[in-house]
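Below is one structure, written out as structure tokens; the observations come after it.
The values are calculated or read from the model by the stated rules, or taken from the named source; none is laboratory data. Quick caveat: nothing in here was measured; it's all calculated off a predicted structure. Virtual Cβ from ideal backbone geometry, glycine too; neighbours counted across all protein chains shown. Heads up: the accessible areas ignore ligands, DNA and RNA and are worked out on the full protein's heavy atoms, side chains in. Shrake-Rupley method; radii C 1.70, N 1.55, O 1.52, S 1.80 Å.
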Number of protein chains: 4
Amino acid sequence: MIIVLKPEATQAEIDHVVSKIESAGLKAHISRGVERTVIGAIGDETALREIPLEIVPGVDRVLPIMTPFKLVSREFRKENSVIDVRGVPVGGRKITIIAGPCAVENRGMLLETARKVKAAGATLLRGGAFKPRTSPYSFQGLEEEGLRYLAEAREETGLPIVTEIMDPRDIELLDRYADVIQVGARNMQNFRLLKEVGALNKPIMLKRGLSATIKDLLLSAEYIVSNGNPNVILCERGIRTFETFTRNTIDIAAVPSMKDLSHLPVIVDPSHAAGRWDFIHSISMASLAAGADGLMIEVHPDPENALCDGPQSLMPERFSRLMDDLKKMALFLDREI
Amino acid sequence: MIIVLKPEATQAEIDHVVSKIESAGLKAHISRGVERTVIGAIGDETALREIPLEIVPGVDRVLPIMTPFKLVSREFRKENSVIDVRGVPVGGRKITIIAGPCAVENRGMLLETARKVKAAGATLLRGGAFKPRTSPYSFQGLEEEGLRYLAEAREETGLPIVTEIMDPRDIELLDRYADVIQVGARNMQNFRLLKEVGALNKPIMLKRGLSATIKDLLLSAEYIVSNGNPNVILCERGIRTFETFTRNTIDIAAVPSMKDLSHLPVIVDPSHAAGRWDFIHSISMASLAAGADGLMIEVHPDPENALCDGPQSLMPERFSRLMDDLKKMALFLDREI
Amino acid sequence: MIIVLKPEATQAEIDHVVSKIESAGLKAHISRGVERTVIGAIGDETALREIPLEIVPGVDRVLPIMTPFKLVSREFRKENSVIDVRGVPVGGRKITIIAGPCAVENRGMLLETARKVKAAGATLLRGGAFKPRTSPYSFQGLEEEGLRYLAEAREETGLPIVTEIMDPRDIELLDRYADVIQVGARNMQNFRLLKEVGALNKPIMLKRGLSATIKDLLLSAEYIVSNGNPNVILCERGIRTFETFTRNTIDIAAVPSMKDLSHLPVIVDPSHAAGRWDFIHSISMASLAAGADGLMIEVHPDPENALCDGPQSLMPERFSRLMDDLKKMALFLDREI
Amino acid sequence: MIIVLKPEATQAEIDHVVSKIESAGLKAHISRGVERTVIGAIGDETALREIPLEIVPGVDRVLPIMTPFKLVSREFRKENSVIDVRGVPVGGRKITIIAGPCAVENRGMLLETARKVKAAGATLLRGGAFKPRTSPYSFQGLEEEGLRYLAEAREETGLPIVTEIMDPRDIELLDRYADVIQVGARNMQNFRLLKEVGALNKPIMLKRGLSATIKDLLLSAEYIVSNGNPNVILCERGIRTFETFTRNTIDIAAVPSMKDLSHLPVIVDPSHAAGRWDFIHSISMASLAAGADGLMIEVHPDPENALCDGPQSLMPERFSRLMDDLKKMALFLDREI
């Protein structure tokens, strides 16, 4: 950590900063410049991170040197992590396609969708049983009934299932049914939830929050991994910006950024990013080209009557055509679906 | 709701849209313009809101007319709501000053801070027992022990207490200790939590999320009120923008905006907005001048050794001087503290 | 245009709004709903756009129906525009690769770079002679001397040249040397400049401003086209968001968005979007996959000693390897470079 | 400047970085930590700023110590600058109120407005003769005719005039008529224009760009001052964020931030920030309370028929009532209007 002093910092103030650094177990290294004195704190930076050096008299600014996350970092582990989801590897050479409806609305529509996305080549089935909705007057999910239909669909199609958790009280229930537990964008900083899914031995898909930086997302992943669960899949799903033509702004450079900073697999959710079905093809192709390890795509047999996210859902036939193109793209990139 | 059709929409498509509107119980009113046909849906818009009309063939765009919230809206209730917090009114002529440490660190520091903010004129005491922290390696709060110290401080000073909930499983515990339960920025869209605090008969302070629009915040407030709890206090605490000189960007115009859209009281948290203690004075004064009903300010007896938010905490003497200025400002504005 | 009235609007106020609409030459169409009255203005919306109906008594909100641009819109022209740049088509089946240094620093480096990007397969040469720099203490460009070197490089390599204009007084000079005149992100709303390049008969590359929505960009393009110059190439180069890991946030969905809204060609500048050379490969591949008509990439023979944008410049060998991949991608997408 | 090396940096790479630093005339100071080596560059940082050290092999990150601006910084000049505008001081104890129409539409409306804002107590008159408009189909200003009316209004009322420049070719013309030349938000990084107004001996009001950080604004001010013109007035007018309820998001903390970083006067434009007249009162009061040195407010005798910015313009009577409150607020803050 680098501590930049104010031009007018006194010797007593410098000594005080040095003693703070030393009492945290680090060594202080003083550089006196023409206009400023700068102190380097040498040793384990985490010990200093909790001390508000910014407000110690004489201090102008504090510049951390290390990233605040460790276990999820590329420095900690050079090779890409591959997460095993009931036998399906996520993060390796194979590209993962998660598909299914936004919400499980009833048994029939789920089974129909599951069969069709399986036929088209999807590798995991998604479907929400607990739904976070901005309006209290919107459909909120079938809860355990929805989970049962998902399990039935898995039995029939063989597709492992991905479903969202909204409440730590549902952990046991979800652990019983789900193959991947999704922590949604709105819960990315629900730290209690992160800790508890960190105590499971089950893959977690962590979606980026609407106002979360890439480093925030990795810190949230660190919560899970540092609690004992290394099976984290990162998901870019768009951030909130001033542009309103699309529902969110997909940050495609987050794919190489996360790959640079972390060893965890990265998938992209084009449906929530775009908010409209007609851009899903181009964003999906772009995501694979950018190096994503997979995609999560909303598919609904009758979007016009969907209870949730209809405008951004693909119909099965369109999804099937998209899959044809994605398979070719995967081969072109020397990967496969 | 207004449905704008595509220039090439056919009569069959128009008929289909009309039937959708009518089957939801509204009346359709067709205007044929030179370049476009526009259909107005007359009746209760909420019935239509869940139908994804955007993807119905022939539809170009859907423009809602009504705000998506109702009970919290100014249209629903013309007069300002005044929330009673153990005898302290929030939202009326009196300005509410909530002060105290970011986190309850130990008994001594809390009691000392409580006495000092009371002496300076604060009306409510804040202090976190459960702390949402971006890093898993940071201090996470004293939990129930912290709540007991808060209760003790209330006993001694008479100040009602405000403390944050992070997990629905703590609702009973918090309901037992707290006078105002705070739902933090990161939980503003934790909808299960919103519903459950909506079932309490206790004031809730709802903080704006970092990427939440004013309307998102009001929809979250609607979750609470529609579940039966009308005692909601809104809190502006800064949003995330590209500007990094301050921790967040305080949206001061959110004060008149929320007052325009809603009858609920609005307070401002200058500490989290600025992230640095030296701007708290100017932002606090500006907030009152903009029409805020109160402020929430972090005060710590020894910020340099604080376990949380040291850089943005005021020392008690400085808080006391700020209170002198705020009291004068309140009088100037024909209000009082 | 739809005018939503306040619930309490009086008949006199409604009549006044109707008279405003009619005096602008449109017809008013009144729908009385349960809670609100809504007035549709039927006819040429542009006539109403300049009238501030929002503040007419009784009016709550005004919802435009038409896009505010016309000549650049997809509705105006269904087929993609192809711009001819000295015989090189931009916007058709062929993908355009513009490459070269951020700034022309001297004759030697420009000619060397030009030869190398030509050899690698670039189709246009870029190089700044006038440089917009955030700091007054940075290198500001060689001006006409730089343009002469660009012309020499064109003569030698046959590559048409793209260079930026910063000042309307340089229009004649740039028109004499450049094959494409670039209007940079910071000048995207320099409306006088837009009008004057609109009077030329020369292709203009218009870069999206850092805080410009897609519709703002198209309105700026409309300035150029409505002044008589239909040869506009749109360029996505990243917007400013809260994410700071990359220099800007590339809005990859802007590619299908602009293609949906407009008939103009769209290219992407991965160099400014990322701000770091090591992400250029992935963003370039993603851009083509998303449907971009081309790329603009900064190449410098010695980035470590570049006077401008060194961190985001590729060395020629690396550019050459990127071109190999881009050519394969173009073929895969059934296009070519 | 601090250069953080990669964990795997070799001695040869360290030596190369040191030689780069020394060849720029600075001294290198090496600190070897447990995980990283860090090099401090001691001396004039500006010499290093143009060298892209980020891409030198072995370098991970570069952390500047000094602000990139100098002449406008508070470090350079401790006391507040007071700018003399034809005898009216801007930036001292007196608060400056600039009022008038968005655009000069005709002689009558300008003179009427000028008389009324003068009567209400405004200190400067604003009015645009050259108008930057997002749409090419909007009113673009009366140009020199407008300037003549402004001069006439000044003659009659004694109010110095503030008017915007859009094109460097108009500098002489504007210098002849204006008392303060305004550089608008869209031209904040029109660096040629900044240099040329920097060569004048006339106050310049520089408005913050919609996506400009506070430091970007100060760098643009540095352009003007370093070219010889120290008479710069900074203007906060709102930035672009995801919130759309107001036209822009006023960054009220920018007032204390700019005062902290710079000695230049800071005024606020509530009209453009809010985009609606009914929030101007609260934002104006808040701005003074936050420490602003003045306000710029749009006033129009008939907003309903304004050719520009009608929705955000105050009628003269309302402006007059606002002035009564602002005068009281100024006295309360121990300043005066």
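Ordered by solvent-accessible area of protein heavy atoms (1.4 Å probe), largest first, the residues B:VAL180, C:VAL82 come out as C:VAL82, B:VAL180. As a calculated quantity, the FRET efficiency between A:LEU331 and C:LYS202 at R0 = 45 Å, using C-beta atoms, amounts to about 0.60.
For A:ARG335, the distances from its label point to the matching points in the remaining copies are 2.1, 5.4, 5.6 nm, ordered from shortest, with each point set 7 Å beyond Cα toward Cβ. For helix D:214-226, report the angle its Cα long axis makes with the longest principal axis of the Cα atoms of chain D; keep it between 0 and 90° and round to the nearest 10°. Once rounded, the angle reads 80 degrees. Computed over protein heavy atoms with a 1.4 angstrom probe, the accessible surface ordering of C:HIS29, B:HIS263, largest first, is C:HIS29, B:HIS263.
Both radii were evaluated on the Cα set of the protein assembly as shown; the Rg over Rh quotient, with Rh as the Kirkwood radius, amounts to 0.94.
Taking the DSSP beta bridges in chain C as the whole, what percent of them are antiparallel, to the nearest 5? Of all bridge pairs located within chain C, approximately 40 percent are antiparallel.
For B:307-319, what's the mean count of beta carbons from other chains sitting within 10 Å of each residue's beta carbon?
Numbers: counts 3, 2, 1, 7, 5, 3, 2, 0, 1, 0, 0, 0, 0.
That average works out to 2.
Accessible surface of D:MET258, taken over heavy atoms with a 1.4 Å probe and every protein chain present, rounds to 0 Å².
Residues C:PHE332, A:PHE76, B:PHE279 ordered from highest to lowest accessible area at a 1.4 Å probe: A:PHE76, C:PHE332, B:PHE279.
Averaging the sequence gap over all C-alpha pairs within less than 8 Å and six or more residues apart, then dividing by the number of residues, gives the stretch D:194-337 a relative contact order of 17 percent. Counting Cα-Cα pairs of chain A in 20 Å increments starting at 0 gives whole-percent bin shares of 30, 48, 18, 4. The separation of the stretch D:258-337 from the stretch A:64-95, counted between C-alpha centres, amounts to 53 Å.
For A:TRP277, the solvent-accessible surface computed with a 1.4 Å probe is close to 80 Å², ligands and nucleic acids excluded.
Shielding value for C:60-72 is 3, the average number of Cβ atoms from other chains within 10 Å of each residue's Cβ. The D-C contact accounts for roughly 4400 square angstrom of buried accessible surface, both chains included, probe 1.4 angstrom. Rounded to the nearest 10 square angstrom, A:ARG115 shows an accessible area of 110 square angstrom against a 1.4 Å probe. Contact order, relative form, for chain D: 16 percent (alpha carbon pairs under 8 Å, 6 or more residues apart, mean separation divided by residue count).
In this rough spin-label picture, where each label sits 7 Å from Cα along the Cβ direction, the A:GLU145-A:ASN305 distance is 1.7 nm.
Within the shell defined by Cβ-Cβ distances under 11 Å, the residues around C:GLU336 carry a net charge of +4, with Lys and Arg each +1 and Asp and Glu each -1.
To the nearest µm²/s, what D does Stokes-Einstein give for the stretch C:164-236 at 37 °C and 0.692 mPa s, using the Kirkwood radius over alpha carbon pairs as Rh?
281 µm²/s
Note on A:VAL34 and D:ILE30: their simple-model spin labels are 2.4 nm apart, each label 7 Å out from Cα toward Cβ.
With all protein chains present, how much of the accessible area of the protein assembly as shown (probe radius 1.4 Å) comes from carbon and sulfur, to the nearest whole percent?
That fraction is 48 percent.
Relative to the longest principal axis of the Cα atoms of chain C, helix C:316-332 runs at roughly 50 degrees.
Heavy-atom accessible area per residue, the protein assembly as shown, 1.4 Å probe: how many Å²? That works out to 33 Å² for each residue. I need the shape label for the stretch C:106-147. Rule: rounded when a/c is under 1.5, else prolate if a/b > b/c, else oblate, with a, b, c from the alpha carbon gyration tensor. Note, shape of the stretch C:106-147 comes out prolate. Along the stretch B:118-132 the Karplus relation, 6.51 cos²θ - 1.76 cosθ + 1.60 evaluated at θ = phi - 60°, assigns HN-Hα couplings of 4, 4, 6, x, 5, 9, 9, 10, 10, x, x, 9, 10, 10, x Hz to successive residues, with x for each Gly and Pro. What is the average number of partner chain Cβ atoms found within 10 Å of a Cβ in B:232-244? Average per residue, whole number: 6. Axis of helix C:11-23 versus longest Cα principal axis of chain C: the two differ by about 50°, to the nearest ten degrees. Working from Cα pairs under 8 Å separated by at least six residues, relative contact order for the stretch A:1-157 is 18 percent. About its Cα centre, the dipole of chain D is roughly 420 debye, where the only charges are +1 on Lys and Arg Cβ and -1 on Asp and Glu Cβ.
If you look at the Cα atoms of the stretch D:1-154, you get an Rg and a Dmax of 27.2, 76 Å.
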